[in-house]
Amino acid sequence: MKIYNTLTRQKEEFKAICKDEIHMYVCGPTVYNYIHVGNVRPLVVFDTFRRFMRHKGYKVKYVVNFTDVDDKIIDQSKKENRSIQEITDFYIQAFKEDAARLNLLESETIHPRATEYVEKMVDFIRELEEKGAAYAVDGDVFFDISKAKDYGKLSKKNIDELKSGARIDIDEKKKSPLDFALWKKQKESMEPAWESPWGMGRPGWHIECSVMSRSILGDTIDIHAGGADLQFPHHENEIAQSETHNGCTFANYWMHNGMITVDKEKMSKSKGNFFLAKDIAKIFDMEIVRLWLLSVHYRNPIDYSQEVLEQTEASLERLYNAKYNWQDLLKETEERELSEEDKKTIAHLTNFVTTFDKHMEDDLNTADGISALFEMVRFGNGAFNGKSNRKVIAEALEKLNIIGEALGILYKEKEGIEDSEILALIEERTQARQAKNYVRADEIRDLLKEKGIEIKDTSAGVKFTQVR
């Protein structure tokens, strides 16, 4: 498996610290609002990475944090006139609902809340202070970036240029404009605050992820991931404080997904092109969103539009139709000894999975991996019929499910159909066709289509399938 490591700006062969287990940390949401489509991308991308590594035989200890103490949360609390706890609990529950729609592996995800680790954050900051890498000023504590080794190595930022480009109205408490807050003094009594050696206050954003990662996964982890916008300052500052504190590498690999645009423009609230996952879910099944996000390489930008989701919906429907048709064929075909032709067909199906794996092993190339899936579907649709060997179709379904599981798609089973009602309409249509009443026959076809039933006239009679 090769991963593009943001730290080195090149693809590297992945080597886990432990032989068969990966420790992975993904920066999660600040829970003050519903997640938007930009938040969804890293969740889907890195969930897919985790799924694929499981497919390759690894165990994955996977962490996605909740930032539940932050200026934005405090502001939202005031805006909604609800307590901090009510705000964070509400939006964490909303996140879980969106996660279920996206088919994220929540049962195997660790979700630490920052407020559960404040005591450890205080200890971490105090130890940085003892090392001379942090300093307190009037209840605030800052990290001294001059004590960090190779500050800027992740984002490739030049420190001197950053300093010269810093705003004039910087905090005069800081020794350097690039020093960042580890601990923030409580400004007003309504703010959430904890006791500390520096007085009542709360942790800064960057320290939260460093401490949660270390507490759950250890001093050095395999992979740290998130959106490209987090490279600086968030991930850069995580590296600085963690490696200064721990005295070792923080993460061996850094993965960052590209940004989402809307009609080729940057998504932002001010432009009004801001789409919440819960609102998209009112129009599209979120499995469509998942497939759309995976249809482009994760490091490339991706453009959101209703039209592209409609196209993706049609693509997903083709995949499900193949799955359901093959399941129907499985019931109709006989099982017999494999012929030489059957063995060739199974070998061909196996090659599609091998090709899928090859693409995914090249820095999680889901776009080409999905292409291999569609090629397998086209092959199967052309090769299988009622005379096929049941063993071959079973192999095809198994391989379809293997790829679907790795991508987190094609997990829905065909819904039950009221056969009696459908058969009655089909019989009526047959009689209408025999009477050359084609207008009524077409009306019945349209009626069945509205019910999600697609019918086909074959030499063996009328076949029907439920479409999505």
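Tabulated results
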read-out: Test set (1) surrounded by 15 or more Cβ atoms within 10 Å (Cβ to Cβ); (2) farther than 26 Å from GLU195 by Cα; (3) in contact with a helix residue (DSSP H, G or I) (Cβ under 7 Å, 6 or more places away or on another chain); (4) modelled with pLDDT under 95 - LEU162 fails condition number; value: (3)
read-out: Filter result (surrounded by 20 or more Cβ atoms within 10 Å (Cβ to Cβ) and of a type outside the set (Asp, Glu)) within the range 62-72; value: TYR62, VAL63, VAL64, ASN65, PHE66, THR67, VAL69
read-out: Hits in the range 214-250 (condition: small (Gly, Ala, Ser) and either over 20 Å from the mean Cα position of the chain (by Cα) or more than 25 Å from TYR298 (Cα to Cα) (or both)); value: SER215, GLY218, ALA240, SER242, GLY247
read-out: Residue match in the range 111-120 (condition: surrounded by 13 or more Cβ atoms within 10 Å (Cβ to Cβ), touching a residue at least 40 places away in the same chain (Cβ under 8 Å) and under 30 Å from MET360 (Cβ atoms)); value: yes
read-out: Checking PHE142 against (1) out of contact with any Pro (no Cβ under 6 Å at 6 or more places or on another chain); (2) in a helix (DSSP H, G or I); (3) within 29 Å of GLU172 (Cβ to Cβ), the condition it does not meet; value: (2)
read-out: Set GLU310, GLU236: member being surrounded by fewer than 19 Cβ atoms within 10 Å (Cβ to Cβ), among the acidic types (Asp, Glu) and either on the phi < 0 side of the Ramachandran plot or part of a helix (DSSP H, G or I) (or both); value: GLU310
read-out: Given (1) without any contact (Cβ under 8 Å) to a residue 60 or more places away in the chain; (2) part of a helix (DSSP H, G or I); (3) touching a helix residue (DSSP H, G or I) at 6+ places or on another chain (Cβ under 6 Å); (4) surrounded by 22 or more Cβ atoms within 10 Å (Cβ to Cβ), index of the condition VAL44 fails; value: (1)
read-out: Among the candidates TYR304, TYR324, residue that is buried (at least 16 other Cβ atoms within 10 Å of the Cβ), of a type in the set (Ser, Thr, Tyr), on the phi < 0 side of the Ramachandran plot and within 23 Å of the chain's Cα centre (by Cα); value: TYR304
read-out: Matching entry among LYS343, LYS323, LYS331, LYS358 (being of a type outside the set (Asp, Glu), at pLDDT 95 or above and under 21 Å from LYS456 (Cβ atoms)); value: LYS323
read-out: GLU395, sole failed condition from (1) at pLDDT 95 or above; (2) acidic (Asp, Glu); (3) touching a Gly at 6+ places or on another chain (Cβ under 7 Å); value: (3)
read-out: Residue match in the range 342-352 (condition: of a type outside the set (A, V, I, L, M, F, W, C) and touching a Ser or Thr at 6+ places or on another chain (Cβ under 8 Å)); value: no
read-out: Every residue from the range 387-417 that is of a type in the set (Gly, Ala, Ser), part of a loop (DSSP other than H, G, I, E, B) and over 27 Å from the mean Cα position of the chain (by Cα); value: SER388, GLY416
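One line per residue, one yes/no per condition, for (1) touching a Leu at 6+ places or on another chain (Cβ under 7 Å); (2) within 30 Å of LEU291 (Cα to Cα); (3) modelled with pLDDT of 95 or more:
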position: ASP68; (1), (2), (3): no, yes, yes
position: LYS79; (1), (2), (3): no, no, no
position: ARG101; (1), (2), (3): no, yes, yes
position: ARG113; (1), (2), (3): no, yes, yes
position: GLU116; (1), (2), (3): no, no, yes
position: ASP123; (1), (2), (3): no, no, yes
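Conditions (1) out of contact with any strand residue (DSSP E or B) (no Cβ under 9 Å at 6 or more places or on another chain); (2) not aliphatic (A, V, I, L, M), marked per residue:
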residue	(1), (2)
LEU105	no, no
THR109	no, yes
ALA114	no, no
LEU128	no, no
GLY132	yes, yes
GLY152	yes, yes
SER155	yes, yes
ASN158	yes, yes
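The values are calculated or read from the model by the stated rules, or taken from the named source; none is laboratory data. Just so it is clear, the structure is predicted and the values come from calculations on it, not from any experiment. Quick reminder, even Gly has a Cβ in these numbers, built from the backbone with ideal geometry, and neighbours come from all protein chains shown.
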